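Values in this text are rule-based calculations from the coordinates and carry no lab data. Values in this document were obtained by computation on a predicted structure and should not be read as measured data. Note: ideal-geometry Cβ built from the backbone for every residue, glycine included; neighbour counts use all protein chains shown.
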Amino acid sequence: MALKQPGVGIAITGCGSAAPTAFLDNQQLSQIVDTSDEWIATRTGIRQRRLAPPTQSLATLAAQAAQGAIAMAGLSPTDIDLILLATSTPDDLFGTACRVQAELGAARAVAFDLTAACSGFVFGLVTAAQFIHTGVYQNIVLIGADILSRWVDWSDRRTCVLFGDGAGAVVIQANGRDRLLGFELRSDGTQNHYLNLNYQPDPKHLTDDLEIGQGTFQPITMNGQEVYRFAARRVPEVIEKALFRANLSIEDVDWLLLHQANQRILDAVADRLNIPPEKVISNLAKYGNTSAASIPLALDEEVRQGKVQVGDTIVTSGFGAGLTWGAAVFQWGR
Ligand code: UT7
């Protein structure tokens, strides 16, 4: 806070999204695992999910979302100072943001990945804001993109019904008035084991007395009930904290924009906070849980449909693996 330059605030001035065209509905899924449209729809609200073909790169999906956001902001790629790519499913473990930079032709931008699972967009928003508040950068593209279908255990009905692929992006610009009104970020590594996409080393002897581990990442494992409990309890807390920091009350909120994990979590959080259902943004029926992409993907749909208007106050919250969770309150537009 001490470093914040007087008069340098942020505004979110553009958004975009992209999703693979192929989809799998609940009926089709019930031919892969022992489940039903009825179970999935009533327990999660999800009806279908988009799935990326083998040839789809995360970088291209992310770049498509970013192009939409840059165009809406009225900028060109060479105006961008920083590209932040929130993802847990990179094309390359060394990072995918630089490939996005190349695809966009954003030659001036520095680019790097940020990993915070389903909290990636909210963590990225706050990270981007710091670079602007300190006066370092003026134009930032934040992308949330994930292709979780590559890491789902398609024989595990407890997890494979939940996830889908997609990307969403926003442009964050320096602005006279600060439209990021408050935030709160949290992590608890003691609960890390509830949701993982773990690397499993395969021991390999290089010499008689020197062993290393070369292995692969294993499919997603999740204790759904514990993650559900965590989200229903912790998300309202961080939202209240972020609103307190913003000096706002629940009545000032126009839209509740949660990570799209489960309709029951959306309903429980809204209920706990006394936010009426018409203020709750939900598109998970069409996309499932797209991890870091879910919040900007839903935002983009609402903005392009004219529901979210310039000046609207949005409270957003991401939560998931880590465990990580966080909330931010912002006003859409300049
Ligand atoms: O983005 C990361 C954040 N992740 C989340 O937010 C996920 C949070 N958790 C959830 O959304 C929910 O816990 C789930 C949707 C994953 C599961 O819903 P649930 O109401 O907690 O179900 P459950 O795990 O308690 O399972 C209830 C029953 C079990 O059968 P029994 O033991 O009662 O006979 C499961 O075996 O439902 C069974 N079940 C299924 N049945 C049909 C679990 N998955 C399925 C399925 N189809 N896909």
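The range 21-41 and the range 273-334 have their alpha-carbon centroids 25 Å apart.
Listed from fewest to most Cβ neighbours within 10 Å, the set 249, 149 follows the order 249, 149.
Within the chain, DSSP assigns beta bridges of which about 70% are antiparallel (rounded to the nearest 5). When a/c is below 1.5 the answer is rounded, else prolate if a/b is larger than b/c, else oblate, so apply that to the range 70-199 with a ≥ b ≥ c taken from the square roots of the Cα gyration tensor eigenvalues. Note, shape of the range 70-199 comes out prolate. Site pair residue 252 and residue 192 shows an inter-label distance of 3.7 nm when each label is modelled 7 Å from Cα along Cα→Cβ. Per-residue 3J(HN,Hα) values for the range 272-286, derived from phi via the Karplus relation 6.51 cos²θ - 1.76 cosθ + 1.60 with θ = phi - 60°, read 4, 8, 6, 9, x, x, 5, 9, 9, 7, 8, 9, 5, 4, 8 Hz in sequence order (x marks Gly and Pro). If a spin label sat at a point 7 angstrom from the Cα of residue 136 along the line to its beta carbon, the backbone N atoms of the range 162-188 nearer than 18 Å would be those of 172-175. For residue 221 and residue 76, the FRET efficiency from 1/(1 + (r/R0)^6), where r spans their Cβ atoms and R0 equals 45 Å, is about 0.55.
Site pair residue 228 and residue 158 shows an inter-label distance of 1.2 nm when each label is modelled 7 Å from Cα along Cα→Cβ.
With the charge dipole of the chain set up from +1 on Lys and Arg Cβ and -1 on Asp and Glu Cβ about the Cα centre, the Cα lying farthest toward the positive end among the listed residues 78, 225, 88 is that of 78. Look at where the Cα atoms of the range 47-115 and of the range 171-200 average out, and the two centres are 18 Å apart. For the range 1-121, with the dipole built from +1 on Lys and Arg beta-carbon atoms and -1 on Asp and Glu ones, taken about the Cα centre, which of 111, 45, 31 lies farthest toward the positive end? Among 111, 45, 31, the one farthest towards the positive end of the dipole of the range 1-121 is 111. Computed from phi, the 3J(HN,Hα) profile of the range 171-182 under the Karplus parametrisation 6.51, -1.76, 1.60 (θ = phi - 60°) reads 9, 10, 10, 5, 8, x, 9, 7, 8, 8, 8, x Hz, with x in place of Gly and Pro. Max-minus-min Cα coordinates of the range 1-92 on each principal axis give 57, 32, 26 Å, with the largest extent listed first. The charge dipole of the range 142-243, taken about its Cα centre with unit charges on the Cβ atoms of Lys, Arg (+1), Asp and Glu (-1) only, comes to about 620 debye.
In order along the range 128-141, the Karplus-derived 3J(HN,Hα) couplings, from 6.51 cos²θ - 1.76 cosθ + 1.60 at θ = phi - 60°, round to 4, 4, 5, 5, 7, 4, 7, x, 6, 10, 10, 10, 10, 9 Hz, and Gly and Pro are given as x. Net charge dipole, the range 9-180: roughly 300 debye, given to the nearest 20, about the Cα centre with Cβ charges of +1 for Lys and Arg and -1 for Asp and Glu. Given +1 at the Cβ of Lys and Arg, -1 at the Cβ of Asp and Glu and no other charges, the dipole of the chain around its Cα centre is 660 debye to the nearest 20. One compactness figure for the chain is 0.97, namely its Cα radius of gyration divided by 2.2 N^0.38 Å. Residues 244, 330, ranked from the fewest to the most other C-beta atoms within 10 Å, line up as 244, 330.
When DSSP beta bridges are restricted to pairs lying wholly in the range 1-131, around 40% turn out antiparallel. Per-residue packing, averaged as other Cβ atoms within 10 Å, sorts the ranges 53-63, 166-176, 27-37, 225-235 into the order 166-176, 53-63, 225-235, 27-37, beginning with the highest.
Based on C-alpha pairs under 8 angstrom that are at least 6 apart in sequence, the range 9-180 has a relative contact order of 36 percent.
For residue 23, the residues 5 or more places off, or on other chains, whose built amide H falls under 5 Å of its own are 51. When only Cα pairs below 8 angstrom with a gap of at least 6 residues are kept, the chain shows a relative contact order of 26 percent.
Mean-square fluctuations from a GNM of the chain, with a 10 angstrom spring cutoff on Cα atoms, peak among 322, 95, 189 at 189. Is the shape of the range 245-334 rounded, prolate or oblate, going by the alpha carbon gyration tensor and its root eigenvalues a ≥ b ≥ c, with a/c under 1.5 for rounded and a/b larger than b/c for prolate? Since a/c stays below 1.5, the shape of the range 245-334 is classed as rounded. Highest mean first, the peptides 132-139, 293-300, 312-319 sorted by other C-beta atoms within 10 Å per residue fall in the order 293-300, 312-319, 132-139.
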